[in-house]
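Peer 1: Have a look at this one before I ask anything.
The values are calculated or read from the model by the stated rules, or taken from the named source; none is laboratory data. Source: prediction; values computed, not measured. Note: ideal-geometry Cβ built from the backbone for every residue, glycine included; neighbour counts use all protein chains shown. The area values use the complete protein model at the heavy-atom level, side chains included, leaving out ligands, DNA and RNA. Shrake-Rupley method; radii C 1.70, N 1.55, O 1.52, S 1.80 Å.
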Amino acid sequence: MGEKKLKKDRQDLPVPVSRDIEGTKEAEVLGSVRLQVEAAWAEYGKRLYWFALTMVCSGSDAEDVLQNVFLGMVRSVERGGEIRNMRAYLYRAVRNEALRMKRMRASESSADVDQLPLLVEANQHVVEEAMDVSAALSKLPEQQREVVVLKLYHDMTFDEIANMAGISLNTAASRYRYGIEKMRRVMEARREV
């Protein structure tokens with residue numbers, strides 16, 4: 001019971017502000033920004049982390065991507081920017097930041113299967129299948145992998161993927177189709193061995 005009260009008390013804490021702006025419009029904006037960030041993190045944080053991880057193949061890099069994205073969101077909202085579709089904004093920002101980070105670290109070693117996340121945790125059979133899926137995903141060209149991950153693991157429509165990636169709806173659908181076909185071939189070849 002004490003823990004529930006403590007959690008509730010933490011949620012009710014005001015945003016720390018300097019006495020100079022207490023009760024002003026700036027204080028209201030800070031409170032609003034905090035609420036928007038907390039709501040976005042609660043709803044999308046975990047999925048955005050896994051999306052970033054599939055792109056940068058490193059847990060610490062994925063965390064850096066999210067930190068940069070959420071800081072950018074705070075700055076945008078503080079400047080009065082309006083985010084009409086939070087989900088689309090965050091996925092596009094994560095994608096752009098992950099691509100920026102990959103360009104910066106292009107000289108580092110490329111991803112291998114062990115670095116890609118296992119998408120499920122369960123018994124040995126499921127783990128082996130998850131490893132097959134991760135191996136197949138790692139064999140895809142980046143553009144196909146991105147579309148497959150967004151479609152299958154983030155429940156995005158081809159229209160949402162196309163808008164986020166700046167490609168046509170048909171291109172998104174064909175990248176998905178080719179990616180799934182290639183994954184199927186890779187997984188079948190692994191099973192034959």
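Peer 1: Can you confirm whether segment 154-162 contains a residue that is at pLDDT below 90, part of a helix (DSSP H, G or I) and more than 15 Å from Leu90 (Cα to Cα)?
Peer 2: no
Peer 1: Now a separate question. Suppose the filter is buried (at least 16 other Cβ atoms within 10 Å of the Cβ), modelled with pLDDT of 90 or more and not β-branched (Val, Ile, Thr); does Ala173 pass it?
Peer 2: Considered against the rule, which asks whether it is buried (at least 16 other Cβ atoms within 10 Å of the Cβ), modelled with pLDDT of 90 or more and not β-branched (Val, Ile, Thr), Ala173 comes out as yes.
Peer 1: Oh, and also: Determine which single condition Ile167 fails, assuming it passes every other condition in (1) in a helix (DSSP H, G or I); (2) free of Cβ contacts under 8 Å to residues at least 12 places away in the same chain; (3) under 22 Å from Lys102 (Cα atoms); (4) open to solvent by 30 Å² or more (accessible area, probe 1.4 Å).
Peer 2: Looking at each condition in turn, Ile167 falls short on (1).
Peer 1: Given the criteria at pLDDT 80 or above, surrounded by fewer than 17 Cβ atoms within 10 Å (Cβ to Cβ) and either in a helix (DSSP H, G or I) or acidic (Asp, Glu) (or both), does Gly31 qualify?
Peer 2: It is false that Gly31 is at pLDDT 80 or above, surrounded by fewer than 17 Cβ atoms within 10 Å (Cβ to Cβ) and either in a helix (DSSP H, G or I) or acidic (Asp, Glu) (or both).
Peer 1: Turning to a different aspect of this structure: Can you find, within segment 49-107, the residue that is least open to solvent (accessible area, probe 1.4 Å) among those that are within 13 Å of the chain's Cα centre (by Cα) and without any contact (Cβ under 8 Å) to a residue 12 or more places away in the chain?
Peer 2: Ranking the qualifying residues of segment 49-107, first place goes to Gly59.
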